[in-house]
1. Along the Cα→Cβ direction, 7 angstrom out, place labels at A:ALA223 and B:SER120. What is the inter-label distance in nm?
2. Check B:ASP82: other-chain or 5+ apart residues with amide H under 5 Å from its amide H, H built from backbone geometry?
3. So, in nm, how far is label A:SER197 from label B:THR146 when the simple model puts each one 7 Å beyond its Cα toward the Cβ?
4. Quick one: 3J(HN,Hα) in Hz for the stretch A:164-179, Karplus 6.51/-1.76/1.60 with θ = phi - 60°, rounded, Gly and Pro as x.
5. Averaged over its residues, how many other protein chain Cβ atoms are within 10 Å of peptide B:68-77's Cβ atoms?
6. Take every residue in peptide B:145-151, count the Cβ atoms of other chains within 10 Å of its Cβ, and give the average of those counts.
7. Cα centroids of the stretch B:92-123 and the stretch B:161-177: how far apart, whole angstrom?
There are 2 protein chains.
Amino acid sequence: MLENSSPASSAGSAAGHAYSHVLTLPVRAPRSSPHSDGIAIRLPGRSRLFDQSEEVGSTFEIVQGAVMLSRLLRDGRRQIVDILGPGRLFGAVMSPVQEVAAETLTASEIRVHGPDAEFSEARINNELRLAIDRLQTHAVLLGRKTALERVASGMVGLAVLLAGSRALNGNGPISFRLPLTRSDLADWLGLVLETVSRNLSQLQKAGLISIEKQDRVQILDMAGLKQVAAYETKWI
Amino acid sequence: MLENSSPASSAGSAAGHAYSHVLTLPVRAPRSSPHSDGIAIRLPGRSRLFDQSEEVGSTFEIVQGAVMLSRLLRDGRRQIVDILGPGRLFGAVMSPVQEVAAETLTASEIRVHGPDAEFSEARINNELRLAIDRLQTHAVLLGRKTALERVASGMVGLAVLLAGSRALNGNGPISFRLPLTRSDLADWLGLVLETVSRNLSQLQKAGLISIEKQDRVQILDMAGLKQVAAYETKWI
DNA sequence: CGTGTAATTGACGCCTATCAACTGGGGTGG
DNA sequence: CCACCCCAGTTGATAGGCGTCAATTACACG
């Protein structure tokens, strides 16, 4: 027979979650008038917005903060498929049947729009196209980059997300708090957490970044980091 | 210093292309009246529709056949990010600035719509959402599946694309011609061509598929294949 | 029938996963 | 306020899966 040892090892990182105090808030569509532009709610980090395969009628708009979208295989393997920052939409408008789970990474302000909320088609199309572009970029990372390139790419991407796109070109040192655990990073970059840790250390030894207190990241040489990341020229 | 040996090995499979007689047809927007529903053209397999980073004003609609979208890293590493079948749209409407190259896989009939073509917003949104769903599914494959699972998933996906979605549930043997070389499959599944070949052989030895003349595929046990593929239940 | 390219298969090596021990930082309770 | 605990993170040793290199076979096309 055909022995296929599916590595359900990363299941541990998916099931037993990083933060035990995850609040699963019953976020539901606001009962307000139609055509409202939604109510804004404040959520702590690690709040579950909705689960994979859950029926979701609302569309969510990130006012500030960050949200990750992830998929699970039945044996528990997890892939974080996207990470979103301010301005981005997700939820009902982005996919009729939810195929992902959504969770805040940092304390966030999220605007919740009911099923009858009116977005301009141009806005929706634009958001959908942005999502496709990010997913295609990530496919290249997952399919064709080495572990070191992935980790470097991840740091560049998070710097842009958390410190603004000026991070890409400005040459002052950029710093931000890592809102992802090593296990999250691994599930985003298609690695295991030890490999993420090792390669972060390597980037640090090379003088490209520095990490303090495990989650304070400072990018010391953005140009060098992008080069290691095999970063595509046209981005953002 | 930081030694990063980027595996530009798959460059060979990207640069020196599989079929040397690729015709780069100057497909341009039809000069016909606005609001036309486009002209249909017939193309042989391996016709390049547009290149990565090329300015493309037209939107393409697959009447019949199949098209692959791919991205290249500067060192030549290639990732096939999506494979499309009849009914699908790609080109201008799908992304304002092209970030992918598009090439037919099989002899195809493609409808070319000029920049001012009118698609219903619902149609466009639906196409964009489908693309996102496929890309998310592929991210799970690239980030979290083993080589055997990837190859099995690829065969299931191609069966659906080339033999219709009835392939998924019907229990008669499904057969189709593989329109991808082993090198293409590798660039799609995030592997090298030898690994693809080995795992196809393994699926064959397990009695799940059979391959004749290198490109005649027959799926003998779809249920078993889906199981090996770690195929998600809700699909198509 | 001969040639060129794709595909298969084998041998080997390396990168990343796995397993395990240890370290560090934050929170809590005495 | 400090000591302890718990869990995230780091680092090392080892293993294994997939990539690499190379030789052979199969197939398509003249």
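Nothing in this text is a laboratory measurement; each read-out follows from the coordinates by a stated rule. These figures come from a predicted structure and were not determined experimentally. Ideal geometry is used to build each Cβ from the backbone, glycine not excepted, and the neighbour counts take in all protein chains shown.
1. Between A:ALA223 and B:SER120, the simple spin-label model gives 5.3 nm.
2. Those qualifying (amide H under 5 Å, at least 5 residues apart or on another chain) are B:LEU69.
3. The modelled label-to-label distance comes out at 2.5 nm.
4. x, 6, 4, 4, 5, 10, x, 10, x, x, 9, 9, 7, 8, 6, x
5. Details: counts 0, 1, 3, 7, 3, 8, 4, 2, 0, 5.
Per-residue shielding by partner chains comes out at 3.
6. On the way: counts 6, 4, 1, 5, 4, 1, 0.
Average neighbour count from other chains, rounded to a whole number: 3.
7. What the calculation gives is 26 Å, centre to centre.
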